[in-house]
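Below is one structure, written out as structure tokens; the observations come after it.
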Amino acid sequence: MKFTNGYWLTRKEIEPIYAVEYGYHRIDDKTLYVYAPALHIAGKGDMVNVPVLTVAFSSPGENVIRTEITHFKGEARKGPFFKVNRTDTDVEICEEEDRIIYRSGRLEAVISRMPGAWQVDYLYEGRPLTRSGYRNMARMLNRENGKSYMTEQLALDIDEQVYGLGERFTPFVKNGQVVDMWNEDGGTASEIAYKNIPFYVSSKGYGVLVDHTGDLSFEIASEKVECVQFSAEGESIAYYMIGGDEPKEVIEKYTALTGRPALPPAWTFGLWLTTSFSTDYDEKIVTGFLDEMKRRDIPLRVFHFDSFWMHGFEWCNFQWDEAVFPEPEAMLKRYHERGMKLCVWINPFIAQNSILFAEAVERGYLLRKTDGSIWQTDMWQAGLGVVDFTNPAAVKWYQDKLECLIDMGVDSFKTDFGERIPVKDIVYYDGSDPVKMHNYYSYLYNQAVFSLLERKMGKGKAAVFARAATSGCQQFPVHWGGDCTANYPSMAETLRGGLSLGMGGFGFWSHDMGGFEQCATPDLYKRWCAFGLLSSHSRLHGGKSYRVPWLFDEESCDVLRFFVKLKCTLMPYLYSKAVEAHERGVPMLRAMVLEYPQDRMCRYLDLQYMLGDALLVSPVFRESGEVEYYLPEGRWVHLLDNRVVQGGQWLKENYEYMSLPLFVRQNHILVTGCRNDVPDYDYTEDFTVVIPEFEDGAKSSCSLITEEGEKATTITAVREGTKIVVDVPGNFRWNIKKIGDEPQRVEKDKQRAILILEE
């Protein structure tokens, strides 16, 4: 939605109303209303025939300010609206001669009262964040179509980077991009995204959530290179300014506002294998996969049945295709007896040939058109209709169908689609605005499925595998990054998407190891397996071909086995980071800028990441095995070969398939487990405290977490001169391991170990 023709001129069809200056204000309890006329008011006569923008400042929580800009208040305001966790927050409103200050915690909005100089400055602890000033805040009328838009432009500083806005496969730094908030099915090789999140994070330490669920456009240093512009149709727009000391703190506050990720059960962190999308499979083939994985000693934890577990023309009927799976309940029981968890694919579409279609139509559970008929399409499934999740009865009906599958033995659901949702001539049960519902539908869909799983399985035992998302959907993990192509550029696109999504508080993320479209070369498969097993969640999935390793080559089996077992061993550390994501909203897979916001080199890095706060991972994206990566300052230890490397530099190396840049951060404890065959086991039994390089005086602590996500104890390590003292309170059987430079001697008792570095 662009309104200008260069910096000076508006487009010929656009009639703007700009906030020109402070007019007057009033205070209503904890809300400040500022009235900004569109002209300079020199006398009483200027108060006639002049539009006025109403700017309301409020605070839903400490260090968060909501700014709402309204032209006409009488506009019908249909939902849906984002669910925001509001707390009773103390605010301070200071009325001064030349300005008004609205303060929440350490964040403040400063409104200028100077004539002809409209400006709102946002500051955190007195540090300038951004501002809205000359010709930034406006209402735009398109005279040709009669549509009105509200727009805001927030200033960008020199060398300021913008991140987030959902699962985006375009460059990680969003400066220079136009980003539209519109969920679509586009694959990784496009600017289209399955998960559009109207929230961005700045390298300066603030975040902006635009409180609009529908069609919203961002121009990030594009229409005006000095600003982030966002705009939406209507007569009102609102945004939340979130202040923090650094980007990671901003994400914490954002997820406190919109919801923290639920903690997925530990078994979900193991290896997932699927049938792939359109392959031929039955119980014999699936059982053969399981047998072969076991024979080759490749730990497999979850098997996923993709779309064709149902009849090909009847998605969704939630019934197993009897011609292929004649005894599904017995089959699932046999797989459970093998120790498998089971997942099946679903979507919110009901095909006309499904036995459920007539039932859904009769009861009014499908989206209708304005003429009262059912909205239908032949795209994807013949004559399909879409479940209306704004109807509580439809939600229960849908959940009842899924509950039967859970009772049969299904442990999880992959909630596919949710982004192909119609908007033209659509009527929702609750009267929601169809355009606003287009993206928000994914929230209702995933909420319905996740809440059912949580009710049936218990808190901390539920997990969906979701595709479409909007703000707040991080509460329903895990989220999947597809559909990628089987080549190295797409592998890199996938990582960019995961890093961008993580900047929006999505704690858990997976992708199709080996690529979805086409079939990977053995080389690519092996490199992608290493990357996938060093993500929070790990899934082998394809389109028209299977993804079992022996179909690529024998070495693929060795590589997959190695990294699956490595991940299982790392689970005490990884699950502690999962708990951190659940409690704080900080993603497990973190862009380098989150851990190193002051390192200018890290601001643009999108081919490597931190897995938690202690592990640096740089996947190999070239067939040659060559990888170029950056280590921030400090002494890093390679986890697999024990090399100590001084940071603050770029390195270019070649790696074999059994390795990649995987480094442990200086001064950070790493806890590993005693098992490598399953991800879910007793992490408090016979664990190992891994000590990397420590600086003199450095102190580190970490939580030892149980399989249920409970804190068992806090492990601390401190270096005092030539000694590192490690304390493990409690009654545990544990080991100590120093990586990097070897200690000369180790003294250990039940709760303490002392590493003597020099005698």
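Looking at this structure, is E252 of a type outside the set (K, R), surrounded by fewer than 21 Cβ atoms within 10 Å (Cβ to Cβ), farther than 22 Å from L53 by Cα and touching a residue at least 60 places away in the same chain (Cβ under 8 Å)?
On the way: of a type outside the set (K, R): yes; surrounded by fewer than 21 Cβ atoms within 10 Å (Cβ to Cβ): yes; farther than 22 Å from L53 by Cα: yes; touching a residue at least 60 places away in the same chain (Cβ under 8 Å): yes.
So E252 fits the description; yes.
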Every pair of residues 6+ apart whose Cβ atoms lie under 6 Å, when the first sits in the stretch 419-432 and is closer than 13 Å to W182 by Cβ and in the same structural domain as R467 (by TED's automatic domain parsing) while the second is among the aromatic types (F, W, Y) and outside any loop (DSSP other than H, G, I, E, B): I421/Y441
The stretch 481-518, residues that are among the aromatic types (F, W, Y) and closer than 18 Å to L574 by Cβ: F506, F508, W509
Exclusive hit being out of contact with any strand residue (DSSP E or B) (no Cβ under 9 Å at 6 or more places or on another chain) and either surrounded by fewer than 22 Cβ atoms within 10 Å (Cβ to Cβ) or not β-branched (V, I, T) (or both), set K341, K396: K396
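Inspect the stretch 299-312 for any residue being in the same structural domain as F57 (by TED's automatic domain parsing), in contact (Cβ under 8 Å) with a residue 12 or more places away in the chain, buried (at least 19 other Cβ atoms within 10 Å of the Cβ) and over 24 Å from F57 (Cβ atoms) and give the result as yes or no.
Quick first cut of the stretch 299-312, residues in the same structural domain as F57 (by TED's automatic domain parsing) only: none.
No; the residues of the stretch 299-312 include none that is in the same structural domain as F57 (by TED's automatic domain parsing), in contact (Cβ under 8 Å) with a residue 12 or more places away in the chain, buried (at least 19 other Cβ atoms within 10 Å of the Cβ) and over 24 Å from F57 (Cβ atoms).
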Some residue of the stretch 500-522 being more than 25 Å from T170 (Cβ to Cβ), of a type outside the set (S, T, N, Q) and assigned by TED's automatic domain parsing to the domain that holds C343: yes
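Do we find a residue being assigned to a helix (DSSP H, G or I) and without any contact (Cβ under 8 Å) to a residue 60 or more places away in the chain anywhere in the stretch 609-617?
The answer is no; no qualifying residue exists.
For the stretch 248-270, give me each residue that is part of a loop (DSSP other than H, G, I, E, B), of a type in the set (G, A, S) and closer than 14 Å to E583 by Cβ. Steps first, answer last, please.
Step one: of the stretch 248-270, the residues part of a loop (DSSP other than H, G, I, E, B) are 259-265, 270.
Keeping just the survivors that are of a type in the set (G, A, S) gives 259, 262, 270.
G259, A262, listed by residue number.
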Checking T151 against (1) within 22 Å of the chain's Cα centre (by Cα); (2) part of a strand (DSSP E or B), the condition it does not meet: (1)
Test: S576 is in contact (Cβ under 8 Å) with a residue 60 or more places away in the chain and among the polar types (S, T, N, Q): yes
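Which of the residues spanning the stretch 538-597 are part of a loop (DSSP other than H, G, I, E, B) and either within 18 Å of the chain's Cα centre (by Cα) or not assigned by TED's automatic domain parsing to the domain that holds F308 (or both)? Steps first, answer last, please.
Pass one, the stretch 538-597, residues part of a loop (DSSP other than H, G, I, E, B): 541-548, 552-553, 570, 585-588, 591, 596-597.
Scanning the stretch 538-597 gives G585, V586, P587, M588, A591, Y596, P597.
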Some residue of the stretch 21-28 being hydrophobic (A, V, I, L, M, F, W, C), within 38 Å of the chain's Cα centre (by Cα) and at pLDDT 95 or above: yes
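Would you say I705 is closer than 20 Å to L639 by Cα and not assigned by TED's automatic domain parsing to the domain that holds L524?
Working: closer than 20 Å to L639 by Cα: no; not assigned by TED's automatic domain parsing to the domain that holds L524: yes.
The answer is no for I705.
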Every pair of residues 6+ apart whose Cβ atoms lie under 6 Å, when the first sits in the stretch 513-525 and is without any contact (Cβ under 8 Å) to a residue 60 or more places away in the chain and over 16 Å from S278 (Cα atoms) while the second is part of a strand (DSSP E or B) and aliphatic (A, V, I, L, M): M513/L540
Which listed residue is over 22 Å from K565 (Cα atoms) and part of a helix (DSSP H, G or I), from L290, L332: L332
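May I ask you to say which residue of Y200, Y240 is touching a residue at least 24 places away in the same chain (Cβ under 8 Å) and more than 16 Å from the chain's Cα centre (by Cα)?
Details: Y200 fails: more than 16 Å from the chain's Cα centre (by Cα).
Among Y200, Y240, only Y240 is touching a residue at least 24 places away in the same chain (Cβ under 8 Å) and more than 16 Å from the chain's Cα centre (by Cα).
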Options V725, V645, V689; residue that is buried (at least 20 other Cβ atoms within 10 Å of the Cβ) and either in contact with a strand residue (DSSP E or B) (Cβ under 7 Å, 6 or more places away or on another chain) or at pLDDT 95 or above (or both): V689
Tally of residues being over 12 Å from F3 (Cα atoms) and crowded, with 24+ Cβ neighbours inside 10 Å across the stretch 221-231: 1
Residues that are out of contact with any strand residue (DSSP E or B) (no Cβ under 8 Å at 6 or more places or on another chain) and within 14 Å of E693 (Cβ to Cβ), drawn from the stretch 601-633: P632, E633
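Is it true that F325 is in the same structural domain as T390 (by TED's automatic domain parsing) and touching a residue at least 40 places away in the same chain (Cβ under 8 Å)? Show your work before the answer.
Details: in the same structural domain as T390 (by TED's automatic domain parsing): yes; touching a residue at least 40 places away in the same chain (Cβ under 8 Å): yes.
For F325, the condition - in the same structural domain as T390 (by TED's automatic domain parsing) and touching a residue at least 40 places away in the same chain (Cβ under 8 Å) - is met.
The values are calculated or read from the model by the stated rules, or taken from the named source; none is laboratory data. Keep in mind that this is a model prediction, so the values were computed, not measured. Backbone-built Cβ (ideal geometry, glycine too); neighbour counts: all protein chains shown.
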